[in-house]
Amino acid sequence: MASKGKARGISGQYPLVQNMTVTEGGTANMTCRVEYNDNTSLQWSNPAQQTLFFGDKKALRDNRIELVHASWSELTISISDVTLTDEGMYTCSLFTMPVRTAKAYLTVLGVPEKPEIDGLTKPAMEGDHITLTCMTHGSKPAADLRWFRNEKEIKGAKEVNASGKTFTVRSSLQLHVDRNDDGVAYTCRVDHVALTQTPQQATEVLEVHYAPRVQIIHSLAVPQEGQYLKLECVSKGNPSPDPVMWTKDGSELPDLDRMIVEGRELTFTSLNKTDNGTYRCEAGNHLGTSSAEYVLYVYDVPTTLPPSTTPPLPPILPDPTALLDTHASDPTVTGNRDPNALGQHGTDHALIGGVVAVVVFVTLCLIIVLGRYLARHKGTYLTNEAKGADDAPDADTAIINAEGNHAHAEEKKEYFI
């Protein structure tokens, strides 16, 4: 039994450890276990082969390293406030004959610093070409930088540089600034395995200055005499183009009693024909001036025709008997329509049309055959009167000659038996 127990103990006297990953500044717990141990000591050593703990005895003076648990089957220590220099291969030794060891690798993740965005000029001018650069230091492994325009992701150019055990990551974004970029938030976000909760990010809001654009909005589609009309000069620019200036036909407004200017609005209290003309709204800032025009034409008020004084003609009533006869004979009038009538009429019409088509076709064929026959025998036959009239001085003689020809013809007949 003793030898069997000894063999079992020897086969189980192997230290068991696991690799560890910890974020820089965190705490790493290093555990070494032995399934079967015959009162043999366990020891932890750092990557420099310095003994940290031998059993429950601390060997290295480092306040960050503490004993968590020590027994014959387990030795667990903790390293707090871990730095990148703590990364490496740690060794657990079981002092048997021979000494058995197990190695565990401690990986320390470098936390990237909060990114910074450079290259933004405030304010930017419309049409400028600017480059936004986002940079973060201290990541391990190298962090990933992502750009967002408001909430939509856009692609930038990434560059990674090693700095000792950590990396410096830079991403640049090329922009051709226009007025649509005014007030847009550009965000650079850092994605990294060490950032388990909220990612690090930086945001800059772009301010763009641009020349104004002007548009006139009118309250009436068809202005008429006596109506109220409002023209609004809508101008958009940065800085804001204020105030605006109204003119008519290139001059100042003529009638300020009926034409009221309040801010960007021009109001006509009661339109008349004298208000016809071209109205111009102009606004500007230090980047430029813009204007818009509205051509006003005042239409006449539509007049309504007076009611007619001629009494209306009495309606002509149809003959009741004729109406009754018609109703009795026409099912479409009485409303008692045969639901199959439409199909029957349609079939009759189709049959009649087919017969007519066949008759027309046969007639045309007969006309064509007869015409060809007459054309080929034209001039080959003469009437009896024509044959006798060749040498006759008058009509009577021609008839007599024709009869004589008939007699001769009868005499010239031959009979074959």
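Assorted remarks:
- Packing rank of 139-145, 83-89, where each peptide gets the mean count of other beta carbons within 10 Å, highest leading: 139-145, 83-89
- Span per principal axis, largest first, for the Cα atoms of the stretch 65-107 (Å): 35, 20, 10
- Percent of Cα-Cα distances greater than 15 Å, calculated over the stretch 15-108: 55 percent
- Where Rh is the Kirkwood radius over Cα pairs, Rg/Rh for the stretch 211-296: 0.98
- The mean of 1/r over all distinct Cα pairs in the stretch 116-206, once inverted, gives the Kirkwood hydrodynamic radius of 13.8 Å.
- Protection-proxy order for peptides 28-35, 58-65, 203-210, each taking the mean of Cβ atoms within 10 Å per residue, highest first: 28-35, 203-210, 58-65
- Under 16 Å from the R149 label point (7 Å along Cα→beta-carbon), backbone N, the stretch 208-236: 208
- Subtracting the Cα-Cα distance of N272 and Y294 from their residue separation scaled by 0.36 nm leaves 6.3 nm.
- Overall size of the stretch 122-266 from C-alpha positions, given as principal axis extents largest first: 82, 28, 20 Å.
- Surface composition of the stretch 116-206: carbon and sulfur make up 46 percent of the accessible area, probe 1.4 Å.
- Gain on full stretching of the segment that runs from S41 to D56 - 0.36 nm per residue minus C-alpha separation: 4.5 nm
- Using bins of 10 Å that start at zero, the share of Cα-Cα pairs per bin across the stretch 54-175 amounts to 10, 27, 20, 15, 13, 9, 4, 1, 0, in whole %.
- Heavy-atom surface of the stretch 116-206, accessible at 1.4 Å and reported per residue (Å²): 55 Å²
- Taking the 1.4 Å solvent-accessible surface of the stretch 15-108 as the whole, the part contributed by carbon and sulfur is 48%.
The values are calculated or read from the model by the stated rules, or taken from the named source; none is laboratory data. Remember, it's a predicted structure, so these values are computed and weren't measured experimentally. We place every Cβ from the backbone using ideal geometry, glycine too, and count neighbours over all the protein chains shown. When the accessible area is computed, the model is the full protein with side chains, heavy atoms only, and any ligands, DNA or RNA have been set aside. Shrake-Rupley method; radii C 1.70, N 1.55, O 1.52, S 1.80 Å.
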